[in-house]
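What follows is a set of notes on a single structure, which appears directly below.
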Amino acid sequence: MLANLGDWVARTVLNPAVPLFREARYLLAQETGIREPALYNSVLAAIAEGNATRGGIANFVGRKSAELVHPLNVLEDSGLIVRQADPFHGRRSVFQITEPLIAFYEAVMRSTWSQFEQRQAAAVWRRQQAKFSSKLVGPHFESLCRAWAAEVGLEAFGDLPAQVSAGSVTDPGGHRQIEGDVAVLGPGLPGEPRRVLSLGEAKWGDVMDVRHIERLRRARDLLSVKGYDTATTVLTCYSGAGFSEELTKQAAADPRILLVGLDRLYG
């Protein structure tokens, strides 16, 4: 089926003769609270391009963060985007487009619209496939992994999750942010440190190896220093392409390492 995906996309989604071609534009136009289509399209394009924080969106759009409060609220109220609070940064949130067709339009179609109207879909799609994979398929896979973690948390992590979201951990030594695609936290109880049930990284097209686990270990240790309870944290790798032999051996020897492939994700 994946081998035929390009032909199907060119015949349907990218074909001006098919109603689906203009559906994303219609969906946005139908939102009565949207008075500046160009601004809202720019905000959605920023998110689709991976600029998911308020600051990142502002830089992409070329506006001050304060100027984006209203359009972000309108898009959120309309159900076109969703806001996720970063569990490890009180004031940091990331935004995600909820409607896949709009995300596809913003990331793949809008900048090359005239070429699609000129019936050059096959050539443009070949050029856009890498972007489709990194900007759309990857983030969608991460969302599926978060949904799986929320559903099977008790079985996989030993407790019912109170929060499942993406989260970033500041690494002062490395002068970087360690991005966690699937952070699973227990409830916050008065007088007790918040339990981190699992820290996970999700890769749709990459074979995951021990480097991914080492990064998760570093994030876990940093959270422990910050006062989180990481005594039983499960380090989880989610992959659509599989795992290296060395990582598989480590997981077999350590119950606090969990590997989740497509067979378990969809099992």
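The values are calculated or read from the model by the stated rules, or taken from the named source; none is laboratory data. Keep in mind the model is a prediction, meaning the values are calculated, not measured. Note: ideal-geometry Cβ built from the backbone for every residue, glycine included; neighbour counts use all protein chains shown.
Within segment 213-251, being small (Gly, Ala, Ser) and either touching a strand residue (DSSP E or B) at 6+ places or on another chain (Cβ under 9 Å) or surrounded by 13 or more Cβ atoms within 10 Å (Cβ to Cβ) (or both) holds for 219, 224, 231, 239, 240, 241, 242, 244, 251. For segment 175-201, the candidate set comprises residues that are over 20 Å from residue 237 (Cβ atoms) and among the small types (Gly, Ala, Ser); within that set, the residue that is farthest from the chain's Cα centre (by Cα) is 191. When every residue of segment 97-108 is checked against the conditions, at least one turns out to be farther than 19 Å from residue 165 by Cβ, out of contact with any Phe, Trp or Tyr (no Cβ under 6 Å at 6 or more places or on another chain) and outside any helix (DSSP H, G or I).
Here residue 48 clears all of (1) free of Cβ contacts under 8 Å to residues at least 12 places away in the same chain; (2) touching a helix residue (DSSP H, G or I) at 6+ places or on another chain (Cβ under 7 Å) except the condition numbered (1).
Given the criteria under 20 Å from the mean Cα position of the chain (by Cα) and in contact (Cβ under 8 Å) with a residue 60 or more places away in the chain, does residue 236 qualify?
Yes; evaluated as a whole, the condition is true for this residue.
Of the residues making up segment 76-86, just one is farther than 20 Å from residue 166 by Cβ and crowded, with 18+ Cβ neighbours inside 10 Å, namely 78. Within segment 87-96, does at least one residue satisfy the condition of being assigned to a strand (DSSP E or B), surrounded by fewer than 18 Cβ atoms within 10 Å (Cβ to Cβ) and in contact (Cβ under 8 Å) with a residue 40 or more places away in the chain? Yes: segment 87-96 contains one or more residues that are assigned to a strand (DSSP E or B), surrounded by fewer than 18 Cβ atoms within 10 Å (Cβ to Cβ) and in contact (Cβ under 8 Å) with a residue 40 or more places away in the chain.
Of all residues in segment 13-42, which are assigned to a loop (DSSP other than H, G, I, E, B), of a type in the set (S, T, N, Q) and surrounded by 14 or more Cβ atoms within 10 Å (Cβ to Cβ)? Selection gives 15 alone. Residues that are closer than 25 Å to residue 40 by Cα and at pLDDT 90 or above within segment 113-123 comprise 113, 114, 115, listed in sequence order. Segment 205-267 holds no helices (runs of 4 or more DSSP H) entirely within its bounds that carry 3 or more residues that are of a type in the set (S, T, N, Q).
Scanning segment 43-55 for residues that are part of a helix (DSSP H, G or I) and more than 20 Å from residue 132 (Cβ to Cβ) gives 43, 54, 55.
Given the options 167, 153, name the one that is within 30 Å of residue 258 (Cα to Cα) and either part of a helix (DSSP H, G or I) or aliphatic (A, V, I, L, M) (or both).
Just a single option satisfies the conditions, and that option is 153.
Among the residues making up segment 181-237, those that are touching a helix residue (DSSP H, G or I) at 6+ places or on another chain (Cβ under 9 Å), over 30 Å from residue 132 (Cβ atoms) and polar (S, T, N, Q) are 230, 232, 233.
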